[in-house]
Amino acid sequence: MEYKNILFEIKNKIAFVTINRPDKLNALNSATLNELKDCFTAIKNNNEVNVTIITGAGEKAFVAGADISELNKLSTLGGKIFSEKGQEVFNLIEKLGKPVIAVINGFALGGGCELALACHIRIANEKAKFGQPEVNLGIIPGYGGTQRLTRLINSGRAAEMILTGDMIDASEALRIGLVNRIYPAEELISKAIELAEKISSKGQIAVQMALRAIVSCDDISETEGQNLESSLFAICCGTEDFKEGTSAFLEKRKPNFKNM
Ligand code: COA
């Protein structure tokens, strides 16, 4: 598929996905969502990708939400389909099986904040702003935001953001755990690459098993989660990477994981 609204490249086992509609603050129209679906399906199936970085083009926005010019035309049934479509794409990202880092370089509003929430790690620059402003439009978050935001930052804070529609700045987002780290704008992408390279240098079966256990937390009970954890742990014990990692430690050398 040829992309019109996103940029996509793979370098050193890191995939870079950039939403590229800067004149519309990277708002997610349905064409962009389709491209994201295609792109993340390709990433899922590509063994040459260990980690993905997703960001927005331009200086101003990560993603300023779903495209309001499309929202404006929705009927009741259309709204259900619209919401489920976004949920499907963001679920694909969350359940990709490989780490996705949201690199939030400006406004992350509505569907943009929800996109960041579907990623596994969020880092931002100092001027990033976050919000779920849907109530200002007479709707609610529809791409998983009511669920993921509530789980991530707790129900009181999520209720305040979703019911007021107010934006919060990067330092507040850091304080409440909506992002992991904040960097000066000019350092953000290099810090993201550093983080992606660090994860990519580990044994990838272990990375993927750990991620699977972490992501499952939202869907299953503690008992089922621990059961899954011990099974995934056992799978790791059968890998070459495990032999290499433990031997390297005992031999006081750096591990040379197969996937590197
Ligand atoms: N959907 C469609 N277009 C959008 C958009 C969105 N979610 N967010 C921004 N844009 C467009 C604007 O319409 C404008 O297009 P134009 O130049 O053709 O008129 C362009 O992006 C630049 O936005 P603008 O509003 O002029 O920038 P600003 O710096 O004055 O304000 C925001 C920035 C983010 C505060 C403002 O754009 C905004 O509130 N956007 C909507 C956020 C939102 O409600 N998102 C949730 C949707 S569910």
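Side notes on the structure shown:
- Between Glu160, Glu126, Glu172, the distinction of being out of contact with any Lys or Arg (no Cβ under 9 Å at 6 or more places or on another chain) and within 18 Å of Leu25 (Cα to Cα) belongs to Glu126 only.
- Per-region count, region 10-34, residues within 19 Å of Ala196 (Cα to Cα), in contact (Cβ under 8 Å) with a residue 24 or more places away in the chain and either surrounded by fewer than 17 Cβ atoms within 10 Å (Cβ to Cβ) or away from the ligand (no atom under 13 Å from the Cβ) (or both): 8
- Residues of region 230-245 that are assigned to a helix (DSSP H, G or I) and either over 18 Å from Cys217 (Cβ atoms) or in contact (Cβ under 8 Å) with a residue 12 or more places away in the chain (or both): Leu232, Phe233, Ala234, Ile235, Cys236, Cys237, Glu240, Asp241, Phe242, Lys243, Glu244, Gly245.
- When Glu88, Glu84, Glu114 are checked against the criterion of being part of a helix (DSSP H, G or I), surrounded by fewer than 20 Cβ atoms within 10 Å (Cβ to Cβ) and touching a Lys or Arg at 6+ places or on another chain (Cβ under 8 Å), a single residue qualifies: Glu88.
- Those residues of region 121-146 which are under 15 Å from Asn91 (Cβ atoms) and under 15 Å from the mean Cα position of the chain (by Cα), in sequence order: Tyr143, Gly144, Gly145
- Subset of region 35-68 [in a loop (DSSP other than H, G, I, E, B), of a type in the set (Gly, Ala, Ser) and buried (at least 22 other Cβ atoms within 10 Å of the Cβ)]: Ala64, Gly65
- Only one entry in Asp219, Asp166 is among the acidic types (Asp, Glu), in a loop (DSSP other than H, G, I, E, B) and away from the ligand (no atom under 16 Å from the Cβ), namely Asp219.
- In region 49-73, the residues that are free of Cβ contacts under 8 Å to residues at least 60 places away in the same chain and within 11 Å of the ligand (Cβ to nearest atom): Gly58, Lys60, Ala61, Val63, Ala64, Asp67, Ser69, Glu70, Asn72
- Residues (acidic (Asp, Glu) and within 14 Å of the ligand (Cβ to nearest atom)) located in region 90-128: Glu114
- Among residues of region 142-171 that are of a type outside the set (Ser, Thr, Tyr), those with a Cβ under 7 angstrom from a residue that is at pLDDT below 95, sequence gap 6+ or separate chain, pair up as Arg151/Asp218.
- Tyr143 meets all of the listed conditions (1) within 13 Å of the ligand (Cβ to nearest atom); (2) at positive phi but one, namely (2).
- Evaluated against (1) within 16 Å of the chain's Cα centre (by Cα); (2) not in a helix (DSSP H, G or I), Lys202 falls short on exactly one condition, (1).
- Among the candidates Leu96, Leu74, residue that is assigned to a loop (DSSP other than H, G, I, E, B) and either within 30 Å of Lys198 (Cβ to Cβ) or under 14 Å from the mean Cα position of the chain (by Cα) (or both): Leu96
So that you can scan it fast, the table gives a plain yes or no per residue for (1) under 30 Å from Ala248 (Cβ atoms); (2) in contact with a Ser or Thr (Cβ under 7 Å, 6 or more places away or on another chain):
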| position | (1), (2) |
| --- | --- |
| Gln132 | no, no |
| Ile140 | no, yes |
| Thr164 | no, no |
| Ile168 | no, no |
| Arg175 | no, no |
| Ala210 | yes, no |
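- Filtered residue count, region 137-159, keeping only those that are surrounded by fewer than 13 Cβ atoms within 10 Å (Cβ to Cβ) and under 25 Å from Asn72 (Cα atoms): 1
- Checking Asn50 against (1) of a type outside the set (D, E, K, R); (2) touching a strand residue (DSSP E or B) at 6+ places or on another chain (Cβ under 6 Å); (3) within 22 Å of Leu195 (Cβ to Cβ), the condition it does not meet: (2)
The values are calculated or read from the model by the stated rules, or taken from the named source; none is laboratory data. Because the structure is predicted, anything quoted here is derived from the model rather than measured. When we count neighbours, we look across all protein chains shown, and the Cβ atoms used for this are built from the backbone with ideal geometry, even at glycine.
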